[in-house]
Amino acid sequence: MVLIKTKKEIPSSEITPEAVYLSRRKFIGQSSAVVAAGALAQSSLALPESWIEDQGYEPGEDIDEDITPEKHATNYNNFFEFGTDKKDPAKHAHQMTVDPWSVEIKGLVEKPGELPLEDLLKDIDLEERIYRLRCVEAWSMVIPWIGFPVKTVLDKVKPQSGAKYVKFTTLLRESEMPGTKSRFSSIEYPYVEGLRLDEANHPLAIFAIGMYGKVLPNQNGAPFRLVVPWKYGFKSIKSIVQIELTRRQPRTTWNLSAPHEYGFYANVNPEVDHPRWSQATERRLPQGLFARSIETKMFNGYDEVASLYEGLNLKRNF
Ligand SMILES: Nc1nc2c(c(=O)[nH]1)N[C@H]1C(S)=C(S)[C@@H](COP(=O)(O)O)O[C@H]1N2
Ligand SMILES: [Mo]
């Protein structure tokens with residue numbers, strides 16, 4: 001795979017971030033300046049602001065849908081560690097220290113250990129993926145992520161033959177996360193999610209470190225998060241500090257909190273309603289004067305994952 005250097009052409013002070021992003025994408029698409037994967041810039045920062053630009057990335061395939069404006073994707077968030085209001089993460093997540101950052105790899109792997117983020121990212125080729133994000137609350141966005149397949153990390157750490165699931169855990173640091181201190185919280189912390197190993201190895205499952213051509217803002221799960229586009233958004237766990245390979249299906253946060261409402265699989269499925277609302281349609285954000293309601297697609301439109309679930313009753317395994 002080749003990497004293409006990104007380049008800023010227009011002073012960002014003159015235009016909106018959205019326009020910067022779109023013009024940069026256009027530039028990338030037309031560029032013939034192909035460079036080999038460069039060595040990581042020497043820096044004391046785990047992920048400096050300029051990291052993605054320095055590194056370059058393979059531009060994503062366009063999809064036939066409008067990308068959600070960046071300001072909506074970064075100001076309407078679910079990140080309960082910072083509060084339950086959609087505006088809370090953008091308001092409070094700057095308090096989270098994301099540097100230095102390391103990820104503990106444990107469980108049924110040949111190479112367990114505590115990996116500084118810069119080591120985890122060493123020799124990794126970045127790609128852009130423009131994905132629909134469908135929240136279980138029946139709204140959706142289209143987000144251009146920058147990251148790499150989960151499989152590239154799993155291949156590095158080498159799951160043992162007994163490993164059947166991957167468990168992911170979010171940072172828990174009460175002093176920096178006002179939402180985790182509430183005694184009335186509907187969920188327990190740290191936030192935990194999981195995938196079957198074959199789901200995690202599917203090429204559509206990625207770890208994201210950036211969006212809109214830049215490193216992730218804290219409210220979107222900096223510095224390192226999961227994105228699984230065919231599942232409800234709550235599976236796409238943010239700010240990951242631990243990855244564990246397990247034999248048994250891990251207990252996951254929303255499933256523990258309300259097992260009849262949130263299953264382990266959580267595949268987007270218009271035919272299986274949430275007990276309290278329909279999942280047949282979704283509101284595509286941002287919402288203007290008139291709500292734009294669209295039909296929800298099986299697996300969020302990512303039919304290529306269907307073979308993972310052959311023979312599985314998707315009504316029972318919701
Ligand atoms: N640690 C953690 N990860 C999380 C959540 C959360 O509350 N805590 N919310 C999830 C939900 S419900 C959704 S819809 C997505 C939202 O991601 P976004 O804010 O980047 O759009 O993050 C998911 N990951
Ligand atoms: Mo969600």
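Extent of the chain along each principal axis, from alpha carbon coordinates, in Å, largest to smallest?
Ordered largest first, the chain gives principal extents of 53, 51, 43 Å.
Taking 31 Å as the cut-off for C-alpha to C-alpha distance, list the pairs among 181/231; 91/231; 91/151 that go past it. Can you show the working numbers first?
Values: 181/231 28 Å; 91/231 27 Å; 91/151 33 Å.
Check vs 31 Å cut-off fails for 91/151.
Is there a pair in 167/214; 86/156; 111/297; 158/297 whose C-alpha atoms are over 29 Å apart, and which pairs would that be?
Numbers: 167/214 27 Å; 86/156 36 Å; 111/297 39 Å; 158/297 34 Å.
In this structure, 86/156; 111/297; 158/297 exceed 29 Å between Cα atoms.
Near residue 164, which aspartates and glutamates are there with a Cα under 12 Å away, not counting those fewer than 8 places off in the same chain?
Candidates past the 8-residue exclusion: 198, 199, 244.
Could you please report the charge total around residue 308, scoring K, R as +1 and D, E as -1 over all other residues with beta-carbon less than 10 angstrom from its beta-carbon?
Residues near residue 308 contribute -3 overall.
Any chance you could run the full-extension gain for residue 64 through residue 151? It's 0.36 nm times the residue separation minus the Cα-Cα distance, nm to one decimal.
Values: separation 87, 0.36 × 87 = 31.32 nm, distance 2.66 nm.
Working it through step by step, the gained length comes to 28.7 nm.
Which of the three applies to the stretch 100-196, rounded, prolate or oblate, going by the alpha-carbon gyration tensor with a ≥ b ≥ c and a/c under 1.5 meaning rounded? All intermediate terms of the calculation are to be shown ahead of the outcome.
Working: a/c = 1.64, a/b = 1.23, b/c = 1.33.
It is oblate, given that a/c is not under 1.5 and a/b is not larger than b/c.
Can you pull a Stokes-Einstein diffusion coefficient for the stretch 253-298 at 37 °C (0.692 mPa s), Rh from Kirkwood over Cα pairs, as a whole number of µm²/s?
On the way: Rh = 12.0 Å.
Diffusion coefficient, whole number: 274 µm²/s.
Please state, as a whole number in µm²/s, the translational diffusion coefficient that the Stokes-Einstein equation yields for the stretch 215-307 at 25 °C and 0.890 mPa s, with Rh defined as the Kirkwood radius across alpha carbon pairs.
On the way: Rh = 15.3 Å.
Translational D for this selection: 160 µm²/s.
Please compute the contact order of the chain in relative form: average sequence separation of alpha-carbon pairs under 8 Å and at least six residues apart, divided by the residue count, as a percent. Before the final figure, lay out the partial values.
On the way: 648 pairs, mean separation 56.7, N = 318.
Relative contact order of the chain: 18 percent.
Pick out, from 185, 221, 97, the residue whose Cα sits farthest towards the positive end of the charge dipole of the stretch 6-309, with +1 on the Cβ of Lys and Arg and -1 on the Cβ of Asp and Glu.
185
From the protein chains alone at 1.4 Å, what is the descending order of accessible area for 122, 156, largest first?
Working: 122 100, 156 80 Å².
Descending accessible area places them as 122, 156.
From the square roots a ≥ b ≥ c of the eigenvalues of the alpha-carbon gyration tensor of the stretch 191-249, which class results: rounded (a/c under 1.5), prolate (a/b over b/c), or oblate?
Values: a/c = 2.11, a/b = 1.60, b/c = 1.32.
Prolate is the answer for the stretch 191-249, as a/c is 1.5 or above and a/b outweighs b/c.
The values are calculated or read from the model by the stated rules, or taken from the named source; none is laboratory data. Predicted, not measured: the structure shown is a model, and the values here were computed from it. Cβ: placed from backbone, ideal geometry, glycine included. Neighbour counts: every protein chain shown. Protein only, heavy atoms only, side chains kept; ligands, DNA and RNA dropped before computing areas. Shrake-Rupley method; radii C 1.70, N 1.55, O 1.52, S 1.80 Å.
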